[in-house]
1. (1) more than 14 Å from the chain's Cα centre (by Cα); (2) closer than 29 Å to Pro196 by Cα; (3) assigned to a helix (DSSP H, G or I): which one isn't true of Thr126, the others all being true?
2. Checking Pro89 against (1) touching a Leu at 6+ places or on another chain (Cβ under 8 Å); (2) surrounded by 19 or more Cβ atoms within 10 Å (Cβ to Cβ); (3) under 30 Å from Val222 (Cβ atoms); (4) not hydroxyl-bearing (Ser, Thr, Tyr): exactly one of these is not met. Which one?
3. Out of all the residues in region 94-112, is one or more crowded, with 22+ Cβ neighbours inside 10 Å, touching a Leu at 6+ places or on another chain (Cβ under 8 Å), within 17 Å of Ala224 (Cα to Cα) and not basic (Lys, Arg)?
4. Among the residues of region 3-15, is any under 24 Å from Ala223 (Cα atoms) and surrounded by fewer than 21 Cβ atoms within 10 Å (Cβ to Cβ)?
5. With respect to the numbered conditions (1) in contact with an Asp or Glu (Cβ under 7 Å, 6 or more places away or on another chain); (2) farther than 14 Å from Gln322 by Cα; (3) buried (at least 24 other Cβ atoms within 10 Å of the Cβ), which one is the sole condition not fulfilled by Lys230?
6. For a quick check of your reading: which strands (runs of 3 or more DSSP E) sit entirely within region 1-56 and have at least 1 residues that are within 23 Å of the chain's Cα centre (by Cα) and not hydrophobic (A, V, I, L, M, F, W, C)?
7. Quick one: in region 280-306, of everything that is surrounded by 13 or more Cβ atoms within 10 Å (Cβ to Cβ) and among the aliphatic types (A, V, I, L, M), which residue is farthest from Ala256 (Cα to Cα)?
Amino acid sequence: MKPFVYERARDAAQAVAALVADPDAVFLGGGTNLVDHMRLGVASPDRVVDVTRLPFDRIEQLADGRVCIGANVRNSELAAHRLIRTRYPMLSQALLAGASGQLRNMATTAGNLMQRTRCVYFQNVTTPCNKRQPGSGCSAIGGYTRYHAILGASEHCIAVHPSDMAVAMSALDARVVVLGPSGERRIPLVDFHRLPGDEPERDTVLRHGELITAVELPALPVAAHSLYRKVRDRRSFAFALVSVAAALDVRGGTIADVRIAFGGVAHKPWRATRAEEILRGTDATPEQFERAADTELAAARSQPGNAFKVKMLRNTLVAALQELAGAA
């Protein structure tokens, strides 16, 4: 591991200033991803600014019904919180589907959003990777692609985002609150992560020095009737082959509202807006669910090693919607 300077932030302003002053500095939260990458040589910062002691560790319901989740709230605490389990069950389920109990006790809300891909070529510094070294090429194309993208990929990168939590938050219309040298701003989570395009090294729209302080969830009635389904190679501590976060409000057999997002299939959590548009105001039938899935997946482009994902995702979405409709 390359030697680095360790610094513990006294407050948010000092943390932001520390990064602004050093282009090779990074924030440290739970460290469950960053420390691994430093050991592998994927990340080699000159300075590590520890933000875990900053006062962003609360889950609060605001006066207008929104829920504010502090950046340093641990994944295990967020999953177990009564407000989250009752109002946003898909989020609690997504968190419990991720990693292991020990890692959830360490991982933070902000750190989870900032996870980098688990692409085997990205994590192997001996192989070309445009995400790790722009312009070097993408070893995954023509290589091992079982876990790779079928939506939104480019000729420069076919990696996927690994977070389960972010998929649920995308479906819930969450907003990410960040503090930077120019002040505070709020970023819709659907816009927070990027598709690779010709700059796959840029995972998010954050500017250097911007610190995540919280995530806000809107008061979203449909979210109370939601679920998260994850398909993976083994029951625990495995990343998604495909996943679905879905919420459905059915009244008199008609779909009044719906929210859908996919995981394990794109460079970012994939909000299924085409499927949502088809479903709103229609009958909650298996035929409509299948039509919505087919419309959303019409743009899917698979690799030889992951063509199975298209059918797997279609079936997972239809099954999730049928379960929610049946419960309604």
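Each reported figure results from applying straightforward, stated rules to the coordinates on display, with no laboratory input. As the structure is a computational prediction, the values presented were derived from the model and not from experiment. Glycine gets a Cβ as well: all are built from the backbone with ideal geometry, and neighbour counts include every protein chain shown.
1. Exception for Thr126: condition (3).
2. Every condition holds for Pro89 apart from (2).
3. Yes.
4. Within region 3-15, the first condition is being under 24 Å from Ala223 (Cα atoms), and the residues that meet it are none.
No, that holds for no residue.
5. Every listed condition holds for Lys230 apart from (3).
6. Working: elements: 5-8, 25-28, 47-50.
Strands (runs of 3 or more DSSP E) meeting the threshold: 47-50.
7. Per the criteria, the residue is Ala300.
A quick yes/no check of all residues on (1) outside any loop (DSSP other than H, G, I, E, B); (2) over 15 Å from the mean Cα position of the chain (by Cα):
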position	(1), (2)
Arg116	no, no
Lys131	no, yes
Ala159	no, no
Arg186	yes, yes
